[in-house]
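The structure appears below as structure tokens.
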Amino acid sequence: VMQVIGIVGSPRHGKNTATLVARALEAAQSTGMETALYYVNDYAIAPCQGCDGCKQTAVCVQHDGMDILYRALEEARGLVLGTPIYLDHVSAQTKTFLDRLYAYLGPNLENHFPSGYKAVIVATWGDGNPHAYDDVVAWIRRRLSGYWGIATVAEVAVASADARPMAEQTDALRRAYDAGIALAESLLARGEGR
């Protein structure tokens, strides 16, 4: 059975970003996908040391909590990546996660990330402008595609995320659910499903 994993770059359990990531996973699960949710902050993950040890083997020389996320990534083919916007960019947790994916770029920066990956990007912020951080979402999309060949099938960007509890923001929840369905259908269309 195809697996879709959620990676939450927010340190806050069950809050805005996590609620939307979980909703997308729920949708994917409804199509028969297996899902799992991970909070980067729950694991002791050191920043990339820029040591280039991974350039010999395409494996990170640091062995820490990221090993769990590497395993999860290698078993799945769908990714729901969620980040709150902190100080105008992705959270530190999200950036650390992305930086540690550098290990998949081998000796000549060729891509060793598992192939056939599809993604949904979830981003939340407090500012009322729905386009305030389009550039950050685009930055994530380009990194996923350019470095690791991960195609983004849907983006869920939610402004005014703190205006009221996310559980009451029906439009945002619907968009997250629809994104999860789109992700699952995209994976199934590749013959990657059951």
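The values are calculated or read from the model by the stated rules, or taken from the named source; none is laboratory data. On a predicted model such as this, the values are computed, not experimentally measured, just so you know. All Cβ positions, even for glycine, are placed from backbone atoms using ideal geometry, and neighbour counts span all protein chains on display. Heavy atoms of the whole protein, side chains included, go into the accessibility calculation; ligands, DNA and RNA do not. Shrake-Rupley method; radii C 1.70, N 1.55, O 1.52, S 1.80 Å.
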**Q.** Test: residue in region 144-155 that is aromatic (Phe, Trp, Tyr) and either more than 30 Å from ASN108 (Cβ to Cβ) or at pLDDT below 95 (or both)
**A.** no
Q.
Condition check: modelled with pLDDT under 95, open to solvent by less than 70 Å² (accessible area, probe 1.4 Å) and either under 24 Å from ASN41 (Cβ atoms) or among the aliphatic types (A, V, I, L, M) (or both). Does LEU105 satisfy that?
A. yes
**Q.** Matching entry among ALA176, ALA132, ALA184, ALA189 (being closer than 15 Å to TYR117 by Cα, among the hydrophobic types (A, V, I, L, M, F, W, C) and open to solvent by less than 50 Å² (accessible area, probe 1.4 Å))
**A.** ALA184
Q. How about region 60-81: which of its residues are surrounded by 15 or more Cβ atoms within 10 Å (Cβ to Cβ) and in contact with a Gly (Cβ under 6 Å, 6 or more places away or on another chain)?
A. ARG77, VAL80
Q.
TRP148 - would you say it is touching a strand residue (DSSP E or B) at 6+ places or on another chain (Cβ under 7 Å), more than 16 Å from VAL80 (Cα to Cα) and open to solvent by less than 50 Å² (accessible area, probe 1.4 Å)?
A. no
Q. Based on what the data block shows, is THR124 in contact (Cβ under 8 Å) with a residue 24 or more places away in the chain, more than 19 Å from VAL153 (Cα to Cα) and among the β-branched types (Val, Ile, Thr)?
A. no
Q: Could you tell me whether THR57 is touching a strand residue (DSSP E or B) at 6+ places or on another chain (Cβ under 8 Å) and either in contact (Cβ under 8 Å) with a residue 40 or more places away in the chain or open to solvent by 60 Å² or more (accessible area, probe 1.4 Å) (or both)?
A: no
**Q.** Of residues in region 4-52 being in a loop (DSSP other than H, G, I, E, B) and closer than 17 Å to LYS118 by Cβ, the one least open to solvent (accessible area, probe 1.4 Å)
**A.** MET33
Q | Condition broken by VAL1, with the remaining ones in (1) modelled with pLDDT under 95; (2) within 19 Å of LEU109 (Cα to Cα); (3) assigned to a loop (DSSP other than H, G, I, E, B) satisfied | A | (2)
